[in-house]
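All of the numbers you see were taken from the coordinates with simple rules; none came from a lab. Predicted model, so just to flag it, every value in this text is computed and none were measured. Positions of Cβ are generated from backbone atoms using ideal geometry, with glycine treated the same way; all protein chains shown enter the neighbour counts.
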Amino acid sequence: MISNKNIEALIITSNVKYNPEFNKNIIASSVETKNDYFISNIINNIKQNSNINNFLITHDLKIDNKDSLIYQDRLEDICKKEGLRLIVSPSSIKMPSQISATVAFKNGLKKINKEYFLFWEHDHFFTKKIDWQLISDCFFNGGKMIRFNRKINKKNKAFKINKRIIDNFEIINNTEFNSKILSTNLYSNGPFISEKKFCETLWNNVVFDYPSWNGHFGGFIEGPVNQKMLFDQFNMSKKDFMNKYPIFLYGGDEDLPIVQHKGRYTPQYQIKNLSFESLILIIKFLKQKIKKFWR
């Protein structure tokens, strides 16, 4: 039976990211990780609101970036001081973070020692204590993953069509066993609790041969997973789909978020070959700085 005793928190962290699909000339630097107590504060927030005491930190380390190496030193000190496990997933600042973060997710999951785990991207925090009876009820009734809501829960019985395209393909309904747990057909990288084996299958049973990140499918591993789930939803019976993907949403209809996302990044402009495009970006950046100075 699931409880805070047989679960481990997997925290994924990185202080720089590169998303060339948006802009190949910019490296994004995390604002939150500049705080020396950032990771410690996140860990304390999880402990206070979940009573989980087992933690595994996985760092998407950019070996060719000075800020990332400095952050690695800080993580080593924190983990040594607090008795936490640290897994390093080495990558390069030249690698798109959509790929390197996905690799870090999977590397971290391999090292989980418990039957269940809490998945946590580092820039989230709980707004209130979780109800373990709800979690237990979900898994007792066949659930394999329960997502913590980051926005107000709103039931949605069918795809939302806007201008003849699917604007939102998440379907959210009541469950028969608990009014404070909703069913969903969508995976998210937002915080969740899952059976380790189920998540391994979910993350591995997807197509990585071509990029399917972003767009309507979501970023990082969200993209390939949600694309595969949507494929199955179109091509399987409703019963078979629900049996294959027993994913649920924490809270009832209209319930407020139990977690919040607070990820802020500042741009670092790469000036290697001063192209016209790079010059334009630098000018825009300087304009922003000047405006802030004169406010």
Listed peptides 190-196, 172-178, 227-233 by packing density, highest first (mean Cβ within 10 Å):
190-196, 227-233, 172-178
Check which residues have an amide H placed less than 5 Å from I258's amide H, if you skip close sequence neighbours.
N149
For region 1-60 the chymotrypsin sites (Phe, Trp or Tyr not before Pro) that pass both the DSSP coil test and the at-most-15 other-Cβ-within-10 Å test are F22, Y37
Can you flag which of K238/K262; K62/K144; K197/K262; K5/K81; K24/K66 are past 27 Å Cα-Cα?
K238/K262; K62/K144; K197/K262
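Expected output is a single nm value to one decimal: the length gained when fully extending between V31 and F234, i.e. 0.36 nm times separation in residues minus the C-alpha distance. What is it?
On the way: separation 203, 0.36 × 203 = 73.08 nm, distance 4.05 nm.
Between V31 and F234, full extension yields 69.0 nm more.
With a cut-off of 8 Å between alpha carbons and a minimum separation of six or more residues, what is the relative contact order of region 8-59 in percent?
Details: 47 pairs, mean separation 29.0, N = 52.
Averaging sequence separation for qualifying contacts and normalising by length gives 56 percent for region 8-59.
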Rounded if a/c is under 1.5, else prolate if a/b beats b/c, else oblate: with a ≥ b ≥ c from the C-alpha gyration tensor eigenvalues square-rooted, which is region 36-157?
prolate
